[in-house]
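See below for the structure under consideration.
Quick note: the coordinates plus some simple rules give every number you see, no bench work behind them. Model, not experiment: these values are computed from the prediction. Cβ placement follows ideal geometry from the backbone for every residue including glycine, while neighbour counts extend to all protein chains displayed.
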């Protein structure tokens, strides 16, 4: 059975059938133009509104899904759930609320199917917490233009109701990398995206990513990529990494 490298390898047609294609030449071929929107592209508004209404009156069970970090991954998960006749009341980055308590066999089937798309159903409490950290960071960097009114460590602690030192140590234990390095890696991927489109100046990119100066962004960019932003922008081959692989 074919294993896919990322959610980018999946196309979902309007009927909900699953089709496969080879790797795309550009990992960000579907530009997520609305960074602040929580709507799921490709799914009718009426269906999403129905999910919201169902969430208000239906008992639900929460699933935590690793590597579910983009709009395309949300679409993949929706399609998988529909193909298995599992009703969802909520589909967000990393989490899904469903209306049934899955049997052991059906849960295993869901695990196996999600794994085909590089997604993983997680149940260990520590891994779930780390994935929540990941999703907060991805949401903040890739899908929102709002600037935090407090420092990130305080924001994360408040969101997850845990001391930041505990969260930081747990993240490093599970991921083998620090939260700070993870944030920088994602910021640089967004910077690459902006540079590829040739729409913003480096000063504008630094401002959007909340860097204090162009020099600071350029320094971090070269540390991660080995190139200055200008060298990357002028390069014939602009190497990009899908969000779920950062």
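How do 183, 243, 141 rank when sorted from fewest to most other Cβ atoms within 10 Å of their own Cβ? It would help to have the intermediate numbers written out before the result.
Values: 183 14, 243 26, 141 21.
Listed from fewest to most nearby Cβ atoms, that is 183, 141, 243.
Computed over the Cα atoms of the stretch 93-200, the ratio of the radius of gyration to the Kirkwood radius (Rg/Rh) comes to 1.03. The peptide list 90-97, 156-163, put in order of mean Cβ contacts within 10 Å with the highest first, becomes 90-97, 156-163. Between the C-alpha center of the stretch 152-180 and that of the stretch 66-115 there is a gap of 26 Å.
Restricting the calculation to alpha carbons of the stretch 182-237 gives Rg and Dmax of 10.0, 29 angstrom. Dividing the mean sequence gap of close Cα pairs (under 8 Å, 6+ apart) by how many residues the stretch 87-246 holds gives a relative contact order of 15 percent.
Which FRET efficiency, nearest 0.05, do residue 124 and residue 62 yield, Cβ-Cβ r, R0 22 Å? Please list the in-between numbers first.
Numbers: r = 14 Å, r/R0 = 0.65.
Working from the Cβ atoms, E equals 0.95.
Where does each of 204-216, 70-82 land if you order them by average Cβ count within 10 Å, highest first? Display every interim value, and only then the final one.
Working: 204-216: 15.1, 70-82: 22.7.
Highest to lowest by the protection proxy: 70-82, 204-216.
In this structure, residue 149 and residue 204 have a Cβ-Cβ separation that, at R0 = 25 Å, corresponds to a calculated FRET efficiency of about 0.70.
Exposure proxy shown here: for 143, 198, the number of other Cβ atoms within 10 Å sets the order, fewest to most, as 198, 143.
Using the 10 angstrom Cβ neighbour count as an exposure proxy, how do 140, 237 rank, fewest first? It would help to have the intermediate numbers written out before the result.
Values: 140 19, 237 4.
In order of increasing Cβ crowding within 10 Å: 237, 140.
Within the stretch 169-195, whose backbone N sits under 14 Å from a point 7 Å along Cα→Cβ of residue 241? Label zone hits: 175-193.
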